[in-house]
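The values are calculated or read from the model by the stated rules, or taken from the named source; none is laboratory data. Note that the structure is a prediction, hence the values are computed from the model and not measured. Glycine also receives a Cβ, built like all others from the backbone with ideal geometry; neighbour counts cover every protein chain displayed.
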Amino acid sequence: MNHRTPRTLVSTAIGTLLLAATCLQANAQDKLQIAGNFATSHPSSVAVDKVFKAEVARLTDNKLQVDVFPAMQLGGAKENVDGVRAGTLGMTWVGASFMSRIAPEIEAVSLPFVFKNREAAYRVIDGPVGKAIDEKLLEKGFVVLGWMELGMRNITNSKGPIKTVDDLKGMKIRMQPNETHLASFRALGANPVAMDVKELYSALEQKVVDGQENPYTVIDANRYAEVQKHLSNSSHFFDFIVVVASKRVFDKMSPANQKAVREAMTKTVAYQRSLAAENELKALNNLKTKMIFTEIPPATFEQMRKMTAPVVESVKKRAGADLVNQVIAETSK
């Protein structure tokens, strides 16, 4: 009979626990969680699930597993950003505006009525301006892996068509927590309210707010047409989705896995941008069957630009004049 002393039993138990802890740690390092607040049908969610997940598996010979949680499965935008910053969540893809309070430099690419089209926006974010913002986010604990398209933002509301600036006066509009966005709508006479996207549908349904502004793809995917009657082509901001990893998590990954994640996300971003452009027109056509669509006259657009011009000067104080001037110079070409 094999008699074990209490000391032997304790040593064995400790050894077993250490082995289990090591296995759990190894398993944790072999898995990467990425969460987002966009609907599963949104181009960004489709790209992450279809391309990123498969590419990481291919590039690592299935040694690194990606678990994707879209549609606020792990909380709203704020929770996802906080989780990545703390290192309890590996990655998130989120509207860039939700990062602007962490890195005000992002507001340089949030200027009103500056981007005429997506090509101009890509030139800015893929160039020196984007690199400068990446560096600022890295200082705050975020590794930027790519910039996807969120798209031109447009207004929906339950009160009436928007044809003039006067139609916006006093309108309570939900906005992202971005000071440039909020200031722009205050300048237009509206009553902007910062609110997380997870609260938006019910706020629109219960008339807590009169309207909201989002790209057509988000308006369609989030079914806002069910609780909003009017849609306008305001195109007031072009918005990005930033894909960030936790620096704490990323630094613990092997160099090979870091390289695989970067390469996989580069391919994912290219796919998403193409899909976003394709889906924008589909989403608009679908929304036109459910909502009253009003095109804003050119004269109104010009008035809106003039009214929001002072906002650009205020952004220079928060984001830096050099960065803002670079954006203006690039978009003026």
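Annotations for the structure displayed:
- Qualifying residue in region 139-161 (condition: touching a residue at least 12 places away in the same chain (Cβ under 8 Å), part of a helix (DSSP H, G or I), closer than 14 Å to GLU213 by Cα and not acidic (Asp, Glu)): no
- Taken over region 178-194, the residue count meeting the criterion of being modelled with pLDDT of 95 or more, at negative phi and part of a loop (DSSP other than H, G, I, E, B) is 2.
Yes/no per residue for (1) buried (at least 23 other Cβ atoms within 10 Å of the Cβ); (2) charged (D, E, K, R):
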| position | (1), (2) |
| --- | --- |
| VAL56 | yes, no |
| VAL66 | no, no |
| LEU74 | no, no |
| LYS78 | no, yes |
| PHE142 | yes, no |
| ASN157 | yes, no |
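- Test for SER202: is it in a helix (DSSP H, G or I), crowded, with 24+ Cβ neighbours inside 10 Å and modelled with pLDDT of 95 or more: no
- Here is the figure for region 295-327: residues that are under 25 Å from VAL129 (Cα atoms), in a helix (DSSP H, G or I) and not hydroxyl-bearing (Ser, Thr, Tyr) total 19.
- Only a single criterion out of (1) at negative phi; (2) surrounded by 18 or more Cβ atoms within 10 Å (Cβ to Cβ) is not satisfied by LYS163, namely (2).
- Residue match in region 57-77 (condition: touching an Asp or Glu at 6+ places or on another chain (Cβ under 9 Å) and in a helix (DSSP H, G or I)): yes
- Which numbered condition ASP30 misses (of (1) of a type in the set (D, E, K, R); (2) closer than 18 Å to MET253 by Cβ; (3) touching a strand residue (DSSP E or B) at 6+ places or on another chain (Cβ under 9 Å); (4) at pLDDT 95 or above): (4)
- A single member of TYR216, TYR201 is among the hydroxyl-bearing types (Ser, Thr, Tyr) and farther than 25 Å from ARG118 by Cβ, and it is TYR201.
- Test: residue in region 124-137 that is hydrophobic (A, V, I, L, M, F, W, C), buried (at least 17 other Cβ atoms within 10 Å of the Cβ), out of contact with any helix residue (DSSP H, G or I) (no Cβ under 6 Å at 6 or more places or on another chain) and more than 21 Å from GLU263 (Cα to Cα): no
- Within region 205-232, the residues that satisfy the criterion of being without any contact (Cβ under 8 Å) to a residue 60 or more places away in the chain and surrounded by 18 or more Cβ atoms within 10 Å (Cβ to Cβ) are VAL209, ASP210, GLY211, GLN212.
- Pick from region 234-255, criterion in contact (Cβ under 8 Å) with a residue 12 or more places away in the chain, not polar (S, T, N, Q) and not in a strand (DSSP E or B), ranking: surrounded by the most Cβ atoms within 10 Å (Cβ to Cβ): PHE237
- Qualifying residue in region 256-265 (condition: within 16 Å of PRO43 (Cα to Cα), touching a Pro at 6+ places or on another chain (Cβ under 6 Å), aliphatic (A, V, I, L, M) and part of a helix (DSSP H, G or I)): no
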